[in-house]
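What follows draws every value from the coordinates through simple rules; no lab data is involved. All values derive from a computational prediction rather than experimental measurement. Positions of Cβ are generated from backbone atoms using ideal geometry, with glycine treated the same way; all protein chains shown enter the neighbour counts.
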Amino acid sequence: MEKFRAYRVHDDGKFGSGRAETMTRAEFDAGNVMVRIAFASVNYKDALTARGKAKIARRFPLVAGIDLVGTVESSEDPRFKPGDEVIVHGFGLGGDHDGGYAEFGRFPAEWVIPLPEGLTLFDASALGVAGHTAGIAVDLMQLNGLMPDKGKVLVNGATGGVASVAIDILSKLGFHVVALTGKMNEADYLRSLGAAEVLDRNALQLGTKPLEAAMWAGAVDSVGGEQLGWLIRSMQRDGVIAAFGNAGGVEFKGNVLPFILRGVRLLGTNVENPLERKKAIWQRLASDLKPRHLERVARRIRFEGLDQAFDDLLAARARGRQVVDFSLG
Ligand SMILES: NC(=O)c1ccc[n+]([C@@H]2O[C@H](COP(=O)([O-])OP(=O)(O)OC[C@H]3O[C@@H](n4cnc5c(N)ncnc54)[C@H](OP(=O)(O)O)[C@@H]3O)[C@@H](O)[C@H]2O)c1
């Protein structure tokens, strides 16, 4: 039986551990749409899964990878036919159900999103869960009144995947974007995506006042922890924060004054949404929110490069997005 490449997590260690190997179609997970996977992106969550740093893999062995794009090979569901280009993410992909780091996979039709016009398969994978999260963050901030004339927008964890795409989208929409990073050597990269200013995290004074100087009309936060606490205290009146990340920690100290005196809105931002909401965000990412610099943000890597990619992400050494390109041998 034909064997194909797959990166699978096995039941070793506390939360599992991943390795590159081969599998066969006889091992496919449940589903009625068979996809030849073209690209699968590397997300922070995938690094946690592969390295057993968090309880994400719920069964073993599990193909890791929380998003994928590819072409339908066959479908038992009339909504899809061979040759259709599709995106799959969410619904437990790469956690409960085999994910994207395999050359082929089988998925329930209810999870499958047709590639929207305006995006190539590479674009969609360069965006992936990270870009989709950036799209949701911008969408939520706009729904809560953020407009370019309200003031500056801070993007924290700026060189990361979600943040790089957010900078690109926000600058395209005309916002004055301030990138906050621990990697000042990447300042030129951040400016090339559209950041108007780059701030050094190592020089940041978090302060201790219940209200700090009001600096930001909006904020996109990948980092969490005490930096999120500082952000909440540093927002302008009616400022909006899209918070989705914990790359820098989980807990923060806070007080109610930013909420009751400045009307600050903390917008919990989660990528798991019903299919129709997902499709709507993908439509925006293919049109008015389409980033201008995806080729700069994302680089193609070989399947064999996954282990290195995970280690770089966990050590905060990575920049932008990395996409496994199965055509690269
Ligand atoms: N809620 C959701 O639905 C959802 C969806 C997608 C992602 N997320 C979360 O959002 C965060 C960002 O995801 P991502 O895929 O963009 O990750 P990523 O590419 O690894 O980016 C994270 C960035 O955070 C910064 N950072 C600051 N302190 C860090 C630390 N102690 N360790 C590692 N990075 C640190 C780094 O940028 P600088 O050096 O430039 O500061 C790093 O590049 C992650 O926590 C991820 O789990 C959540």
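For the pair Arg191 and Leu314, the difference between a 0.36 nm per residue extended length and the Cα-Cα distance amounts to 41.9 nm. Work out the FRET efficiency for Arg300 and Glu27 from their Cβ-Cβ distance, taking R0 = 25 Å, and round it to the nearest 0.05. Rounded to the nearest 0.05, the efficiency is 0.40. So which of Lys45/Lys172; Lys45/Lys183; Lys53/Lys209; Lys53/Lys253; Lys45/Lys279 end up more than 32 Å apart by C-alpha? Going by Cα-Cα distance, Lys53/Lys209 fall outside the 32 Å limit. Compactness check for the chain: Cα Rg over 2.2 N^0.38 Å is 1.00.
Backbone N atoms of region 103-127 closer than 15 Å to the 7 Å Cα→Cβ label point of Ser327 belong to residues 120-126.
Considering only Cα atoms, the convex hull volume of region 129-268 works out to 93 Å³ per residue.
Let me have the 222 nm mean residue ellipticity of the chain computed from DSSP H runs of 4+ only, each contributing -39500 (n - 2.57), with the sum over all residues rounded to the nearest 500.
Mean residue ellipticity, 222 nm, calculated: -8000 deg cm²/dmol.
Using 0.36 nm per residue and subtracting the Cα-Cα separation, the extra length available between Ser17 and Leu275 on full extension is 89.9 nm.
Between Thr208 and Gln142, the simple spin-label model (points 7 angstrom out along Cα→Cβ) gives 4.2 nm. Neighbour counts of other Cβ atoms within 10 Å put Arg300, Arg237 in the fewest-to-most order Arg237, Arg300. If every alpha-carbon in region 93-148 counts as one equal scatterer, what log10 I(q)/I(0) does Debye give at q = 0.24, 0.28, 0.29 1/Å? Result of the Debye calculation: -1.13, -1.23, -1.24. Counting only other residues whose beta carbon sits under 13 Å from that of Arg59, what net charge do I get with K and R as +1, D and E as -1? Net of charged neighbours comes to -2. Listed from fewest to most Cβ neighbours within 10 Å, the set Met147, Met235, Met23 follows the order Met147, Met23, Met235.
Per residue, the convex hull spanned by the Cα atoms of region 30-173 amounts to 125 cubic angstrom. For Gly263, neighbours were defined as the other residues whose beta-carbon sits under 9 Å from its Cβ, and their charges (Lys and Arg +1, Asp and Glu -1) total +2. So if I take the centroid of the Cα atoms in region 82-120 and the same for region 251-283, what is the distance between those two points in Å? Centre-to-centre (Cα) distance: 26 Å.
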